């Protein structure tokens, strides 16, 4: 009886266990099916590898074999090229479409190659390709081929499902074996340098490696290759330096300054890598990324920032100003986050270039029409620049504190400064000082007629979190001081 009762009471438990096992196996099977379906879908969406395009390992094996067999007795040439505007096209049409377009271009390149040529994927992070030509070709023939290669790469191709054509812009570096190097590693490194130098000369179709290229350029090249990975790994960060009102010392804005959280070298300031971003074209990506980061930060602290009507100051380079899509791109980002355009102040340093480039004049005018604030960074204290203020009328001009104070020690300098102050007051242009070094500077700048000031003496650039805490604390301190005075 006891045994029978035990068996009968255990039956539901056993049945329940069986049901749980069946459900578990069913879920596992369903999960496996879904994963396999996603995998196959992803494979279908990926464009097939370009026929005739080899891997980098195949290229290096071919080079090593060539060097081993012929060792200095025969010549070879490596052409390394990259697509300058690949990221912009990917943003416009989607990564898959951009890859299809690139495949069309590579197929066109393959059609013009000599019989023994090897075309291979080169640096995935920099979206570049390498072409190996083996043979004792005269240099004029090689350079003629380089021109032809660039023209083929830049030939317009049709966008799928759209009745339009687009064209890539190409960078091309060239290196010769054994003229420039006799080892495969050195040869490829120097090909990288040649490509990088060509990116610094956008009006030049190709660049042949030269031993005259400075060591610093090779250092920049290291940063260039690392920057592509840094973008992917989200290693860039914005720091913020407060801009204060001279009379009250209240914070009126922040200058956004990019920093690179390098995995080996720590926090790098822009002096180390900004020129590399300029030359690679990634400066346009950085500009849009910065807008997204600032807008997200503004919304995160919206109540605090909006209450005190602060603005964020961002530097624009000449290369960015030459981008005809810049105004619409920035306006769209601010609209996405519902951030007012007057919360952003764009700083422009190359003031003299306004007259040389109509595109820059148009961009600056359109930024103003959209409601963005404009500032002239490192304003030169001379009468010609002051006259230009009458037509440009920026929101703010920024001068180096030390240079301005020293200029006032001379009769001519003090007179020019008086004219500047008078012009700015009449036109309601704010005057801000840079690089304030001590308390004496703060007092003199206020007495001279400056409106704003910033510098390491006032506050160093800070992370977003530290900046918000510093901002809140500064106003709490002001409120406490006001209460004490009232008491």
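Details
- Taken as Cα centroids, region 275-294 and region 413-450 sit 32 Å apart, rounded to the nearest whole angstrom.
- Cβ crowding within 10 Å, taken as a proxy for footprinting-reagent exposure, orders 55, 290, 275, 391 from fewest neighbours to most as 391, 55, 275, 290.
- Over region 53-213, the ratio between the Cα radius of gyration and 2.2 N^0.38 Å evaluates to 1.04.
- Full-stretch length increase - residue 341, residue 204 - with 0.36 nm per residue and alpha-carbon distance subtracted: 45.6 nm
- Approximating the spin labels as points 7 Å out from Cα along Cα→Cβ, the residue 110-to-residue 262 distance works out to 3.9 nm.
- Based on the convex hull around the alpha carbon atoms, the chain presents an average projected area of 40.6 nm².
- Expressed to the nearest 5 percent, the antiparallel share of DSSP beta bridges inside region 53-213 is 85 percent.
- Taking packing as the residue-averaged number of other Cβ atoms within 10 angstrom, the listed peptides 244-253, 314-323 run from highest to lowest as 314-323, 244-253.
- Relative contact order, percent, the chain [alpha-carbon distance under 8 Å, six or more residues apart]: 10 percent
- As a calculated quantity, the FRET efficiency between residue 359 and residue 155 at R0 = 30 Å, using C-beta atoms, amounts to about 0.75.
- Among beta bridges that DSSP assigns inside the chain, antiparallel share in %, nearest 5: 60 percent
Read-outs: derived from the displayed coordinates by stated rules, not from any lab. Here the structure is a predicted model, which means the values were calculated and not measured. Positions of Cβ are backbone-derived with ideal geometry, glycine not excepted, and every protein chain shown enters the neighbour counts.
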